Every structure is written in C-alpha cells, then in structure tokens.
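S.K.: One structure coming up, written as structure tokens, with questions to follow.
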Amino acid sequence: MEIQGAKMNLLCHYARRLISFGAVLLAGIALSVTSPGQSLDPQKPAPLQAGANTGTVDNFGGANYFYFWSGPGETTITATYRSMSLLGNAMKSDLTVELYDENKTWVSRATISSLKDSSQRQIIGTLKKETKLIVAVIPPSGGLVRTGGDYTITATGAVRFDKPLSATDLIVGTY
C-alpha cells in the first residue's frame, strides 16, 4: 500500500508541475503577443509608436515609460484616461502624464481626472531641434485599494518613432 501511495503522490506532484509549467508558458506567449511595449524602468523607456499607444496602470504596478523623438517644430501629446471601477462602482482617480527631455532640464505635467467616462488632456510644445522626449504615465499613488485605469497616448506633429521592441525585450519580471 505504501509503495502505491508513494507512486500516486509522485504522479500528482509531476502533474501539478506540468500544469503550472503549461500555465506559465501560455501566459508568456499571450503577453509577448499582445503586449504594447511598455517599460516600468525610467532609465530604459520603451519606444512610443505612431498612432494610439494603449495600456493599463495602477497604484500597485507603478508608472509606464515611453520615448520618442520630437522637433524641430510643434508636437502634440494627447492622453486619454478612464479610471477602473471597484466591484462595478465608478471610482474617481487621477492620472499624471509627464513629458520631459532626456536630461530632465524641463518637465511638463498634465493631470487627468476620471470618474466614469474617459477624460483627455493635451501637452503642446515647439522644439527648435530634434530632442529625445520621455513620456511617463504615472498612476494614482497610495491607497490600500487598487486604483488606476486604461490610458491611450498619441504623439503627433514633428515626431519620429523608433522601431518597436522585440518579443524578448518585452518580457518584464516582477519579483
């Protein structure tokens, strides 16, 4: 009886490990295929892409960072934000979008408040020469309850975008 029980425990152990490995593998494939290329590291922002760049931020995950090239000429950054709900109830929260140059010699901020519907803000500026700009999408801070929501960032005007990150560059670890 003991040998049969030990074999059964060993079989259950391997089955659990195989199921866990399969779940991790599927999650990794799904993330690498659908991830829009966000970076959680301000020192290594992800390249912003032409058109709508969408994502989700919350106070437990931290800010998302992007970069693009702007100038010479006028550039418009449009940010749209819709806060998440809690158990189906709308929650008011604020999203801060920061735009700054690579050396952080200047910073421009826009705060977007959302209760139920999405809200939008723009940052408009003119640059005399081509400059690498960093966009930080900063979720609401603090709290014991998860707050945040979905955002869309679009850059138009005198802008240039680098190619997107590869699938292996998109893998982010949280430990």
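The values are calculated or read from the model by the stated rules, or taken from the named source; none is laboratory data. The model shown is predicted, which means the values in this text are computed figures rather than measured ones. Here Cβ is always computed from backbone atoms with ideal geometry, including for glycine, and neighbour counts include all displayed protein chains. Ligands, DNA and RNA are excluded from the accessible area calculation, which covers all protein heavy atoms including side chains. Shrake-Rupley method; radii C 1.70, N 1.55, O 1.52, S 1.80 Å.
S.K.: Does the stretch 149-158 hold any residues that are of a type in the set (A, V, I, L, M, F, W, C) and either surrounded by fewer than 16 Cβ atoms within 10 Å (Cβ to Cβ) or over 17 Å from TYR65 (Cβ atoms) (or both), and which are they?
M.R.: Passing the criteria: only ALA158.
S.K.: Within the stretch 67-77, identify whether any single residue is part of a loop (DSSP other than H, G, I, E, B), in contact (Cβ under 8 Å) with a residue 24 or more places away in the chain and at positive phi, and answer yes or no.
M.R.: No, every residue in the stretch 67-77 fails to be part of a loop (DSSP other than H, G, I, E, B), in contact (Cβ under 8 Å) with a residue 24 or more places away in the chain and at positive phi.
S.K.: Let me ask something else about it. Under 9 Å between Cβ atoms, which residue pairs at least 6 apart in sequence (or on different chains) link something in the stretch 121-132 that is farther than 12 Å from GLU74 by Cβ and in contact (Cβ under 8 Å) with a residue 40 or more places away in the chain with a partner that is acidic (Asp, Glu) and open to solvent by 100 Å² or more (accessible area, probe 1.4 Å)?
M.R.: Between residues of the stretch 121-132 that are farther than 12 Å from GLU74 by Cβ and in contact (Cβ under 8 Å) with a residue 40 or more places away in the chain and residues that are acidic (Asp, Glu) and open to solvent by 100 Å² or more (accessible area, probe 1.4 Å), the close pairs are THR131/GLU102; LYS132/GLU102.
Residue-wise test of (1) open to solvent by 30 Å² or more (accessible area, probe 1.4 Å); (2) modelled with pLDDT under 95; (3) among the small types (Gly, Ala, Ser).
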{"residue": "CYS12", "(1), (2), (3)": "yes, yes, no"}
{"residue": "SER32", "(1), (2), (3)": "yes, yes, yes"}
{"residue": "LYS44", "(1), (2), (3)": "yes, yes, no"}
{"residue": "SER83", "(1), (2), (3)": "no, yes, yes"}
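S.K.: Go through (1) under 30 Å from SER166 (Cβ atoms); (2) modelled with pLDDT of 85 or more; (3) open to solvent by 30 Å² or more (accessible area, probe 1.4 Å) and name the single condition SER20 misses.
M.R.: Status for SER20: all satisfied but (2).
S.K.: Given the condition part of a strand (DSSP E or B) and modelled with pLDDT under 95, answer yes or no: does some residue in the stretch 34-42 qualify?
M.R.: Taking every residue of the stretch 34-42 in turn, at least one turns out to be part of a strand (DSSP E or B) and modelled with pLDDT under 95.
S.K.: Oh, and also: Against the conditions (1) touching a Ser or Thr at 6+ places or on another chain (Cβ under 6 Å); (2) open to solvent by less than 70 Å² (accessible area, probe 1.4 Å), where does VAL57 fall short? Just the number, please.
M.R.: (1)
S.K.: Within the stretch 79-102, can one find any residue that is over 18 Å from LEU40 (Cβ atoms), part of a strand (DSSP E or B), touching a residue at least 40 places away in the same chain (Cβ under 8 Å) and in contact with a Pro (Cβ under 8 Å, 6 or more places away or on another chain)?
M.R.: For the stretch 79-102, residues over 18 Å from LEU40 (Cβ atoms), part of a strand (DSSP E or B), touching a residue at least 40 places away in the same chain (Cβ under 8 Å) and in contact with a Pro (Cβ under 8 Å, 6 or more places away or on another chain): present.
S.K.: Residues in the stretch 136-175 that are modelled with pLDDT under 75, more than 15 Å from the chain's Cα centre (by Cα) and within 18 Å of ALA50 (Cα to Cα): how many?
M.R.: Residues flagged as modelled with pLDDT under 75, more than 15 Å from the chain's Cα centre (by Cα) and within 18 Å of ALA50 (Cα to Cα) within the stretch 136-175 amount to 1.
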